[in-house]
Amino acid sequence: MEYVWAVLTVIGVALQTAPDSRQAALQVQLRPAVCRLGPLRSHWRVMAGDALHFRADISGLTTDARNFRRCSLTLDILDPSQKLVFHDQLDNLRFPPALPSRTVAHYLTLPIRLDQKPGRYTLQLSVTDLIARRDALVQQVFEIAPPDLALVRLEYSSDLAALVPVAPVACVGQKLFLNGYVTGFAVDQKTEAPALSVACELTDEKGERIGPQQEQEITEPLGGQRVARIQFELQVTVAGRYRAVVTVTDKITGKKATASLPLIAWDWP
């Protein structure tokens, strides 16, 4: 698992239907998300070793003769002392004319180093309209919490190797893999092995468990790594709204940590 500052472009989609945007003001709104392509959440706090997911809602981009919108994104991260610690740019993003919308959305993911200094950081995102040659800048403060026992970077994938992340939505009968990492655990002083017990259960909208609980034991030495990968295979056979709840217990320290991801299963009418 590589812990570096990095930006991963996920997807750009059209949102709210509105009139033509040729003369509209260029505006950007940032919203934190639970996971890649996942639902929004209310806070900008992330654990060291986790990933900050957010969505940029961009309105007012000018359309060209084919009704495409094009822009570039520049992302800067400032540390608590306002020193630039990360810079990246995404060039020539294109949004197709699938809908007559004046607002498009672009999901981004910012992985956080496990040893990143805790504190309040500033995210600066600059959007350049490549057709009208105008810019918009938005800032957002986010907090990196100190490392502790935690389940981080939880997300679904459609493959065992976790190379194809997917949104928390599935058809009835479709198999998904829930992937993530455990951080902040202790190791035995002699064997340098952890003693982790990880359990995953699927709950319904009432919080009641459906199906058997899956369990994993992580007790082998990790070669000096301070992260442990976890994976659970899930399948829902009835349409509805669910939540995958993962709990880890560090048997050396007695600490516990819990995290969850929503999952929507739908069926053809």
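The values are calculated or read from the model by the stated rules, or taken from the named source; none is laboratory data. Since the model is a prediction, treat every value here as computed from it, not as a measurement. Because the Cβ atoms are built from the backbone with ideal geometry, glycine has one as well, and the counts that use them run over all protein chains shown. Ligands, DNA and RNA are excluded from the accessible area calculation, which covers all protein heavy atoms including side chains. Shrake-Rupley method; radii C 1.70, N 1.55, O 1.52, S 1.80 Å.
Assorted remarks:
- A count restricted to the range 52-84 and to residues that are part of a strand (DSSP E or B) and surrounded by fewer than 15 Cβ atoms within 10 Å (Cβ to Cβ) stands at 1.
- Of all residues in the range 67-90, exactly one satisfies the criterion of being in contact with a Pro (Cβ under 7 Å, 6 or more places away or on another chain) and either within 29 Å of Leu154 (Cα to Cα) or not hydrophobic (A, V, I, L, M, F, W, C) (or both), namely Asn67.
- Scanning the range 22-43 for residues that are part of a loop (DSSP other than H, G, I, E, B), open to solvent by 40 Å² or more (accessible area, probe 1.4 Å) and touching a residue at least 12 places away in the same chain (Cβ under 8 Å) returns Arg22, Ala25, Val34, Arg36, Leu37, Pro39.
- For the range 190-233, taking the residues that are open to solvent by less than 20 Å² (accessible area, probe 1.4 Å) and in contact (Cβ under 8 Å) with a residue 60 or more places away in the chain, the one that is farthest from Ile252 (Cα to Cα) is identified as Leu202.
- The range 95-116, subset surrounded by fewer than 18 Cβ atoms within 10 Å (Cβ to Cβ) and either at pLDDT 95 or above or over 29 Å from Leu154 (Cα atoms) (or both), residue farthest from the chain's Cα centre (by Cα): Pro100
- If the condition is being on the phi < 0 side of the Ramachandran plot and either free of Cβ contacts under 8 Å to residues at least 60 places away in the same chain or over 24 Å from the mean Cα position of the chain (by Cα) (or both), then the range 248-259 contributes Thr249, Asp250, Lys251, Ile252, Thr253, Lys255.
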